[in-house]
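Student: Structure provided below as structure tokens; questions to follow.
No value in this document is a laboratory result; all are computed from the given coordinates. Source: prediction; values computed, not measured. Here the Cβ is made from the backbone with ideal geometry for all residues, glycine too, and neighbour counts use every protein chain on show.
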2 protein chains.
Amino acid sequence: MASSAHELTPRAREIVAAARELLEAEGPEGLSMRRVADRVGIRAPSIYKHLPDKEALEAALISAGFEEWAEAFKGETPEELGRAYRAYALAHPHLYRLMTERPLARERLTPGLEERAAQPIVDAVGGDADAARAVWAFAHGMTMLELNGRFPPGADLDAAWAAGMRAFRR
Amino acid sequence: MASSAHELTPRAREIVAAARELLEAEGPEGLSMRRVADRVGIRAPSIYKHLPDKEALEAALISAGFEEWAEAFKGETPEELGRAYRAYALAHPHLYRLMTERPLARERLTPGLEERAAQPIVDAVGGDADAARAVWAFAHGMTMLELNGRFPPGADLDAAWAAGMRAFRR
DNA sequence: GTCTATATCAAGATAGAC
DNA sequence: GTCTATCTTGATATAGAC
């Protein structure tokens, strides 16, 4: 019950802030309780006085990301949304991965947050849920393949993004 | 030089076959040298007499997957390709993840294999490389979001796939 | 609220005997 | 080609003193 981001104590917020720095610097693989504690200036076991476990820490980071999505993607056309989506992921690649590449612990999130973050995509395609899922899949696929270096070295990703957004516009 | 799949010794092939079984049963997280050795009936250190390291083992699994892609996706229309892509991923979800969710160790693969596996997608869209990348991104995004349970519980994924393929057909 | 000490577990990989 | 023994590293988490 105390695991939603808006219910954290001040000290817990400090720990989450340190975790965010560490995540952005080194990725989900480098996010250990010990390393987080180092950044805060305490020992790893002390974290457990403020957060129940590592999953709660990750949920706080993911929640912050969803809040940022809801803000960054608000009121855009499909083309603008695509650009904003890619820009966010490239600016925060490790947070993006933490947010998307695993099953989501929905019971750890503030109720309604996931829907709120998804709403800009639904709005951008005119309210069609199936089309929204298709556009999201395209954007997510482009993003993950780019982040993982899976396109050929010389690939024109701007052109691939444009080709996809053009297809969905009609 | 001895790490490409077609250059493996018979004993190494047995080890890779055991690794494939383990991977398909438990996923990339469960794929440890110890567990693979258990399936073969030997101790983990013995594996190193046949394969240089774990990455070589993974490269052999990934190479096999690409060979299967090149075969399974041959000569399809975009719609058929999408269905075949999704069917392969759902039939081999853990291999699909191993193949796609990390940077690719291209120097460990048989030269030309990656391009051969990608060719059916390029052919299906009429040779336009940008369009092929966009379609691949859509298919990969749909696949990963489905495998990770990221769509809402009631989402009609057949409809989302259809919406995407329809958009790319025109 | 912090600490030390520890439990528990698991990973990849190497040395050297047989 | 296989083994045992071991190195090295690292993880999450708990117990209990202060």
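Student: Percent relative contact order of segment A:5-166, based on C-alpha pairs within less than 8 angstrom and at least six residues apart? The partial results should precede the final answer.
Tutor: Numbers: 131 pairs, mean separation 37.7, N = 162.
So the answer I get is 23 percent.
Student: Taking only the Cα atoms of the protein assembly as shown, how large is their convex hull per residue, in Å³? Show your work: numbers first, answer last.
Tutor: Working: hull volume 50.5 nm³, N = 340.
Convex hull volume per residue, Cα atoms: 149 Å³.
Student: Right, another one. Taking the Cα centre as origin and putting +1 on Lys and Arg beta-carbons and -1 on Asp and Glu beta-carbons, what dipole magnitude results for segment B:17-99, to the nearest 20 debye?
Tutor: Details: 11 positive and 14 negative charges, 80 e Å.
It works out to roughly 380 debye.
Student: Would you work out which of B:Ala159, B:Leu145, B:Ala124 lies farthest towards the positive end of the dipole of segment B:5-166? Charges go on Cβ: Lys and Arg +1, Asp and Glu -1.
Tutor: Of the options given, the answer is B:Leu145.
Student: Here's a follow-up. Taking chain B as a Gaussian network, where each spring joins two C-alpha atoms under 10 Å apart, which residue of B:Ser32, B:Ser46, B:Ser63 fluctuates the most?
Tutor: B:Ser46
Student: Still on this structure, please answer the following. What are the distances, in nm and sorted shortest first, from the label point of B:Glu80 to the label points of the same position in each other copy, with each label point placed 7 Å from Cα along the Cα-to-Cβ direction?
Tutor: So the distances to the same position in the other copies read 4.3 nm.
Student: Could I ask something else about it? Can you put B:Tyr48, B:Tyr88 in order of Cβ neighbours within 10 angstrom, beginning with the fewest?
Tutor: Details: B:Tyr48 12, B:Tyr88 18.
Sorted ascending by nearby Cβ count, the order is B:Tyr48, B:Tyr88.
Student: At 222 nm, what helix-only mean residue ellipticity would the protein assembly as shown give, in deg cm²/dmol to the nearest 500, using -39500 (n - 2.57) for each DSSP H run of four or more?
Tutor: Details: 18 runs with 228 residues, N = 340.
Helix contribution divided over all residues of the protein assembly as shown: -21000 deg cm²/dmol.
Student: What shape does segment B:73-120 have by the C-alpha gyration tensor, where a ≥ b ≥ c are the square roots of the eigenvalues, rounded means a/c under 1.5, and otherwise prolate means a/b greater than b/c and oblate the rest?
Tutor: In terms of gyration-tensor shape, oblate.
Student: Could you give the semi-axes, largest first, of the ellipsoid that matches segment A:5-166, computed as the square roots of 5 times the alpha carbon gyration tensor eigenvalues and rounded to whole Å? Each step should come with its number before you reach the end.
Tutor: Numbers: eigenvalues 199, 72, 25 Å².
Sorted largest first and rounded, they come to 32, 19, 11 Å.
Student: What nm distances, shortest first, do you get from the label point of B:Ala155 to those in the other copies when the point sits 7 angstrom along Cα to Cβ?
Tutor: Those label-point separations list as 2.1 nm.
Student: Further question: Under 29 Å Cα-Cα from A:Lys54, which lysines qualify once same-chain neighbours fewer than 8 residues away are excluded?
Tutor: By straight Cα distance, A:Lys54 reaches B:Lys54.
Student: What does the copy distance list look like for B:Pro45, label position 7 Å along Cα→Cβ, in nm and ordered from shortest?
Tutor: Going from nearest to farthest copy, the values are 3.5 nm.
Student: Net charge around B:Val36, counting only other residues with Cβ within less than 15 Å of its Cβ (Lys, Arg = +1; Asp, Glu = -1)?
Tutor: On the way: positive: B:Arg11, B:Arg13, B:Arg20, B:Arg34, B:Arg35, B:Arg39, B:Arg43, B:Lys49, B:Lys54; negative: B:Glu14, B:Glu21, B:Glu24, B:Glu26, B:Glu29, B:Asp38, B:Asp53, B:Glu55, B:Glu58.
In short, 0.
Student: Taking the Cα centre of chain A as origin and charging only Cβ (+1 Lys, Arg; -1 Asp, Glu), how large is the dipole, in debye to the nearest 20? Could the numbers behind the result be given before it?
Tutor: Working: 22 positive and 26 negative charges, 78 e Å.
In debye, rounded to 20, chain A gives about 380.
Student: How large is ³J(HN,Hα), in whole Hz, for each residue of segment A:161-167 in order, when computed from phi with the Karplus curve 6.51 cos²θ - 1.76 cosθ + 1.60 and θ = phi - 60°, using x for Gly and Pro?
Tutor: Karplus-based 3J(HN,Hα) across segment A:161-167 equals 4, 4, 4, x, 5, 5, 4 Hz.
Student: Neighbouring Cβ atoms within 10 Å as the yardstick, rank A:Arg116, A:Arg86 fewest first.
Tutor: Values: A:Arg116 14, A:Arg86 17.
By the 10 Å Cβ count, ascending: A:Arg116, A:Arg86.
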